[in-house]
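These notes are about the structure you will find just below.
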Amino acid sequence: MTVIRRMEQAADALYKQKLIRGFCHLAIGQEAISVGLNSATTFEDKIISSYRTHPFVVLRGGTIKSLIGELLGRVCGVSKGKGGSMHVFTEAFQGGHGIVGAQVPLGAGLAFAQKYLGKKTATFAMYGDGASNQGQVFESFNMAKLWNLPCVFVCENNKYGMGTSAERSSANTAYYTRGDTIPGIQVNGMDIIAVHQATKFAKEWVTTDKGPLLVEFVTYRYAGHSMSDPGTTYRTREEIQRMRSTQDPIRGLQRYISEWGLASEDELKAIDKEAKAEVDQAVEEAKASPFPDESELWTDIYSAGTEPPFMRGRDREEIHYY
């Protein structure tokens, strides 16, 4: 969690230096969900999410350099510098997706494939409270229940969808209850141990033919929806500070570790120092990576060998022949 927070803080600084452009959604405050969920799954399980997904790159087979490189648009990036903040993938992470709620039916499809192939693995289809009212989410619930799919529908409820509070957008804010005949549980998403245990329970549930499950992780993002959002026009600074001081997932785990006598304060400080040094080095390496060649604009549109004879560019005259 410390490494991920340092990485997201580095992305914040790079964006403010105008080295990262476009959209950039940070997961500062929500680290317990990605780390806790990953710790209770294997790379054989599927995880698909929306666009606050930088942590999953590092957790599931990528590197800090490949994530920062992607944000900087460099060739060392996990999507070759062409995907940006919202489109990051690894072999063990089925991606960040930019269209609100669109990843949920894709997740149901991944779970269908797992069942079809007879695999005892789970799919975790993640979405936010802002996507919870999408029709495609409920359609996915329905099909997953009809076909008894091993799908865990994970709502990351960070209380605000862009600049709108959950109470203003949802008549029912108990998101874990919204699966109709699909059971659900609500979990403290700021406590990594709770997240780990809930994920472990959810995986066991769906892989023993009990059908899909809804899991709502109640969490909080410290920053705005994206870097262009100050995050203080629709909520108070006092609210943010209160959450930081009382519910922080890293400090919470540090308190557990200290109370249980697992590590000293100096050892905990050393973990943070090591994390910062690791991230700082990765940032410098990513910045040294070149930008993609312009010819790369025409690649990765189609699977290799299936390209059409030509592709039109920005206007009628710009034609690329394969």
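Here TYR321 does not qualify as under 26 Å from the mean Cα position of the chain (by Cα) and among the aromatic types (Phe, Trp, Tyr). If you go through segment 235-250 and keep only what is surrounded by fewer than 14 Cβ atoms within 10 Å (Cβ to Cβ) and of a type in the set (Lys, Arg), you end up with ARG237, ARG242. A single member of THR208, THR236 is of a type in the set (S, T, N, Q) and under 25 Å from PHE43 (Cα atoms), and it is THR208. A single member of THR219, THR207 is of a type in the set (Ser, Thr, Tyr), within 18 Å of GLN114 (Cα to Cα) and open to solvent by less than 50 Å² (accessible area, probe 1.4 Å), and it is THR207.
Of the candidates ALA10, ALA113, the single residue that is out of contact with any His (no Cβ under 6 Å at 6 or more places or on another chain), in a helix (DSSP H, G or I) and in contact (Cβ under 8 Å) with a residue 24 or more places away in the chain is ALA10. Could you tell me whether segment 226-233 includes any residue that is in contact (Cβ under 8 Å) with a residue 12 or more places away in the chain and open to solvent by less than 10 Å² (accessible area, probe 1.4 Å)? No, there is no match, as no residue in segment 226-233 is in contact (Cβ under 8 Å) with a residue 12 or more places away in the chain and open to solvent by less than 10 Å² (accessible area, probe 1.4 Å). Taking ARG52 as the residue in question, decide whether it is more than 16 Å from PHE291 (Cβ to Cβ), charged (D, E, K, R), touching an Asp or Glu at 6+ places or on another chain (Cβ under 9 Å) and open to solvent by less than 10 Å² (accessible area, probe 1.4 Å). No, not satisfied. Residue pairs whose Cβ atoms lie under 6 Å apart, separated by 6 or more positions or on different chains, with the first residue in segment 197-222 and more than 16 Å from SER34 (Cβ to Cβ) and the second open to solvent by 40 Å² or more (accessible area, probe 1.4 Å) and of a type in the set (A, V, I, L, M, F, W, C), are LEU213/TRP205. Is it the case that segment 91-106 has a residue that's within 29 Å of THR173 (Cα to Cα), of a type in the set (Gly, Ala, Ser) and open to solvent by 10 Å² or more (accessible area, probe 1.4 Å)? Checked segment 91-106: at least one residue is within 29 Å of THR173 (Cα to Cα), of a type in the set (Gly, Ala, Ser) and open to solvent by 10 Å² or more (accessible area, probe 1.4 Å). Scanning segment 59-90 for residues being more than 18 Å from GLU278 (Cα to Cα), open to solvent by less than 40 Å² (accessible area, probe 1.4 Å) and touching a residue at least 12 places away in the same chain (Cβ under 8 Å) gives a total of 9. If the condition is being aromatic (Phe, Trp, Tyr) and either open to solvent by less than 10 Å² (accessible area, probe 1.4 Å) or under 19 Å from the mean Cα position of the chain (by Cα) (or both), then segment 142-171 contributes PHE153, TYR160. Listed conditions (1) assigned to a loop (DSSP other than H, G, I, E, B); (2) free of Cβ contacts under 8 Å to residues at least 60 places away in the same chain; (3) surrounded by 15 or more Cβ atoms within 10 Å (Cβ to Cβ); (4) among the β-branched types (Val, Ile, Thr) are all met by THR121, apart from (2).
The values are calculated or read from the model by the stated rules, or taken from the named source; none is laboratory data. These numbers were taken from a predicted model, which means no experiment stands behind them. Counting neighbours? That spans all protein chains shown, and the Cβs are built from the backbone with ideal geometry, glycine included. Side chains are part of the model used for accessible areas, which takes the heavy atoms of the whole protein and leaves out ligands, DNA and RNA. Shrake-Rupley method; radii C 1.70, N 1.55, O 1.52, S 1.80 Å.
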